[in-house]
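Below: the structure, in structure tokens.
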Amino acid sequence: MILSNPKFAEHGGWHVYGLLQRSDKKYDEAIKCYRNALKLDKDNLQILRDLSLLQIQMRDLEGYRETRYQLLQLRPTQRASWIGYAIAYHLLKDYDMALKLLEEFRKTQQIPPNKIDYEYSELILYQNQVMREADLFQESLEHIETYERQICDKLMIEEIRGEMLLKLGRLKEASEVYKELIDRNAENWHYYEGLERALQPREKFRELMDKFLRVNFSKGCPPLFTTLKSLYYNTEKVSTIQELVTGYEASLKTCDLFSPYENGEREPPTTLLWVRYFLAQHFDKLGQFSLALDYINSAVASTPTLIELFYLKAKIYKEGTSAMENLNEMQCMWFQTECALAFQRLGKYGDALKKCHEVERHFFEITDDQFDFHTYCMRKMTLRAYVDLLRLEDILRKHAFYFKAARSAIEIYLKLHDNPLANESKEQEVNSENLSAKELKKMLSKQRRAQKKAKLEEERKHAERERQQKNQKKKRDEEEEETSGPKEELVPEKLERVDNPLEEAIKFLIPLKNLVADNIDTHLLAFEIYFRKGKFLLMLQSVKRAFAINSNNPWLHECLIKFSKCVSDHSNLPEIVNKVLTQEMQKIFISKDLESFNEEFLKRNSTSIQHLLSGAKMMYFLDNSRQEKATAIAVRLDDTMRDKNVKTLTKVLESLLDGSFGTCHSQSNEYRIACHKLFPLASAFLPLTNEDDSCFASMNHTAINHDVLSNEI
């Protein structure tokens, strides 16, 4: 009624209403309000500016370009009008138009050639960035040399020069530039990458790596292994790194030098510490856990106060830890994702989901925080950083932290859909009826201890919440509290008992489908959701996309057989749907029946435990009378198997216990013992206690020794 009142429109009501919608983060609704306001006052500068901010926030680039054009027509003398319009064309990848606008604007700037002006310098560098993105390499090199004296960022000039010389094939000149850059900053791995591309010969790798490692070990650089991890796809480079670092370790132990044949200043004891820390990470990456433990134990013995050593030791043991609440405020996502995975392994699905949702909230906040930069960056002329920010925000949820959290959440929601959690009190009442007096007394005692523990934990959480609320009030002013509003508390018990787990899973899946489409797991997770929802065409889309990435993936093999069987079991599908499914599945199965398709898969992958496990599961799925043969295939551990590691063997053990092969307690116990001999440190394969053994008769879920694992943590 208020909106339809003529006086509401006359006094800028639509604009005000749009501002209210914007404060509530309802950006789509705010845009509609601004458009209604412009119908009444089409040349209102403030409304046009507010509209352009929301359009760039929502990435409505076509609309943003139109709005910036209107602002340019109304205020052609303002710098922001030209820059905003040029950025719109740049983001739309119309580089020619963007360059024309930037050049026209640059000509209007009265800056003498011998004067250095920061904002003019940023404009020139932004121009050059657009040239490079347009593949105008020669023009970019000439441009940077023409305006070199007027650019403040001298380091960027050299970086651009090196990159352009590489693109133009002038390798000798490029190598000289990168050598100078390495002398200036030996910690920037991009310079080494550029020099490697310029030099081309492989023998230079050892020389450069030796120099790089020595500098970082001497300084004490904990993330050194993370920096080099991208090289581990190349076995030759891995071998070179191992040879160098093991040589350092042997020499430092005896003479405090990187090489016994050198004379010079001796290294401090911390250098040997960081070398051992690196070697522990190196051998952990290669799956040589005993060697990794030897090195990390040596490091701990020398410096027992360094927290990084204990974190790495826990990682080698494949253990998890519990996160502290204040780490959520710090957006410590590496820790939260590891916690989510640890809780998931322990079967604490509510706590795991809480961590996943906390990570998702961090990404939402990061996306929302970009809003203030739309005006600030154009005002301060930090144009290159602004465009980089926009592009980062566009692919933000492509980050590994989000993928880990989303995958974990989807897997948990799928489990909760398949096996919803029962009401605990009712479950206890049912169980108590079948217990003896002694067992009942024991159970009641255990319940009382659990209740007492839960009460203390609740009191602790309540006190912690009160403390956090007080801190938040100090940090945030009244205006921020009014606009953002209180966040809904994430309660583990509620999260693990949602009404529709599949809908919750889809919320995490959508960003993965949009941004991580090159990862096969994205499409296989999508299939698992749509399979449970009975969405046949979406199932087909998922398996086709996965098949295009890796047709021999073991998880995909399971999905294909389940999908084909599901289609054949549904004879009442619409004719057009059935026609599409038959036509597309024919391309994959090539007129083979499912049993033959599965047998061929097993033959083709006879040395891979993961593939044999998937094939064995499908053998039992297609014909449960073949349980004995299927389990025999799954538990193979002979010397021909190439992927005998803790993670893979744990998957096999879980499959033996979760009903994938029916009831097979004896086979699972024998397999656990065999794996324990191979990996005596792995908690997943520790011998069962009597209490654990009796539990498996009434349980039908992943049955890793959680009690032992919890005690060790």
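The values are calculated or read from the model by the stated rules, or taken from the named source; none is laboratory data. Small disclaimer: the values here were computed from a predicted structure and weren't measured. Ideal geometry is used to build each Cβ from the backbone, glycine not excepted, and the neighbour counts take in all protein chains shown. What goes into the accessible areas is simple: the full protein's heavy atoms, side chains included, and nothing from ligands, DNA or RNA. Shrake-Rupley method; radii C 1.70, N 1.55, O 1.52, S 1.80 Å.
For residue 497, indicate whether it is closer than 30 Å to residue 24 by Cα, open to solvent by 30 Å² or more (accessible area, probe 1.4 Å) and of a type in the set (D, E, K, R).
yes
State all residues of region 162-178 that are open to solvent by 40 Å² or more (accessible area, probe 1.4 Å) and either within 34 Å of the chain's Cα centre (by Cα) or among the aliphatic types (A, V, I, L, M) (or both); if no residue qualifies, say none.
Those that are open to solvent by 40 Å² or more (accessible area, probe 1.4 Å) and either within 34 Å of the chain's Cα centre (by Cα) or among the aliphatic types (A, V, I, L, M) (or both): 163, 167, 168, 171.
Please state which one of 98, 134 is surrounded by fewer than 18 Cβ atoms within 10 Å (Cβ to Cβ) and among the small types (Gly, Ala, Ser).
134
Quick check on region 656-713: of everything there that is in contact with a helix residue (DSSP H, G or I) (Cβ under 6 Å, 6 or more places away or on another chain), at pLDDT below 90 and of a type in the set (Ser, Thr, Tyr), which residue is surrounded by the most Cβ atoms within 10 Å (Cβ to Cβ)?
683
Select from region 644-655 the residues that are modelled with pLDDT under 90 and of a type outside the set (S, T, N, Q) and list them in ascending order.
Within region 644-655, the subset modelled with pLDDT under 90 is 644-647.
Selection gives 644, 646, 647.
Being open to solvent by 70 Å² or more (accessible area, probe 1.4 Å) and touching a helix residue (DSSP H, G or I) at 6+ places or on another chain (Cβ under 7 Å) is the filter here; which residues of region 115-131 pass it? Walk me through how you get there before you give the answer.
Going through region 115-131, the residues open to solvent by 70 Å² or more (accessible area, probe 1.4 Å) turn out to be 115-116, 118.
Scanning region 115-131 gives a single hit, 116.
Go through (1) under 24 Å from residue 417 (Cα atoms); (2) touching a residue at least 24 places away in the same chain (Cβ under 8 Å) and name the single condition residue 518 misses.
Result: residue 518 fails condition (1) only.
I'd like the full set of residues that are hydrophobic (A, V, I, L, M, F, W, C) and exposed (fewer than 15 other Cβ atoms within 10 Å of the Cβ), limited to region 137-161. Talk me through it step by step, then tell me what you get.
Narrowing region 137-161 to residues hydrophobic (A, V, I, L, M, F, W, C): 137, 141, 144, 151-152, 155-157, 160.
If the condition is that a residue be hydrophobic (A, V, I, L, M, F, W, C) and exposed (fewer than 15 other Cβ atoms within 10 Å of the Cβ), then 155 is the only one that fits.
For region 368-410, how many residues meet the condition of being of a type in the set (S, T, N, Q) and either within 22 Å of residue 518 (Cβ to Cβ) or not in a helix (DSSP H, G or I) (or both)?
2
What's the number of the condition residue 74 fails, among (1) of a type in the set (A, V, I, L, M, F, W, C); (2) over 30 Å from residue 12 (Cβ atoms); (3) open to solvent by 10 Å² or more (accessible area, probe 1.4 Å)?
Answer for residue 74: the failing condition is (2).
Every residue, every condition in (1) surrounded by 15 or more Cβ atoms within 10 Å (Cβ to Cβ); (2) at pLDDT 90 or above; (3) within 32 Å of the chain's Cα centre (by Cα); (4) of a type in the set (Asp, Glu), yes or no:
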| position | (1), (2), (3), (4) |
| --- | --- |
| 224 | yes, yes, yes, no |
| 238 | yes, yes, yes, no |
| 247 | yes, yes, no, no |
| 250 | no, yes, no, no |
| 256 | no, no, no, yes |
| 262 | no, no, no, yes |
| 272 | yes, yes, no, no |
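Restricting to region 379-395, and then to whatever is touching a residue at least 60 places away in the same chain (Cβ under 8 Å) and in contact with a Phe, Trp or Tyr (Cβ under 7 Å, 6 or more places away or on another chain), can you tell me which residue is surrounded by the fewest Cβ atoms within 10 Å (Cβ to Cβ)?
384
Restricting to helices (runs of 4 or more DSSP H) lying wholly in region 67-148: which have 2 or more residues that are over 15 Å from residue 384 (Cβ atoms)?
The qualifying helices (runs of 4 or more DSSP H) are 79-91, 95-107, 137-146.
Give the residue, chosen from 147, 120, 192, that is without any contact (Cβ under 8 Å) to a residue 60 or more places away in the chain and within 27 Å of residue 238 (Cβ to Cβ).
Every option except 192 fails the conditions.
So if I check each of 618, 641, which one is closer than 23 Å to residue 418 by Cβ, surrounded by 14 or more Cβ atoms within 10 Å (Cβ to Cβ) and at pLDDT 85 or above? Write out each step before concluding.
Working: 641 fails: closer than 23 Å to residue 418 by Cβ.
Testing whether each residue is closer than 23 Å to residue 418 by Cβ, surrounded by 14 or more Cβ atoms within 10 Å (Cβ to Cβ) and at pLDDT 85 or above leaves just 618.
Residues checked against (1) in contact (Cβ under 8 Å) with a residue 60 or more places away in the chain; (2) closer than 30 Å to residue 680 by Cβ; (3) of a type outside the set (D, E, K, R):
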position: 266; (1), (2), (3): no, no, no
position: 277; (1), (2), (3): no, yes, yes
position: 333; (1), (2), (3): yes, no, yes
position: 340; (1), (2), (3): yes, yes, yes
position: 357; (1), (2), (3): yes, no, yes
position: 362; (1), (2), (3): no, no, yes
position: 366; (1), (2), (3): no, no, yes
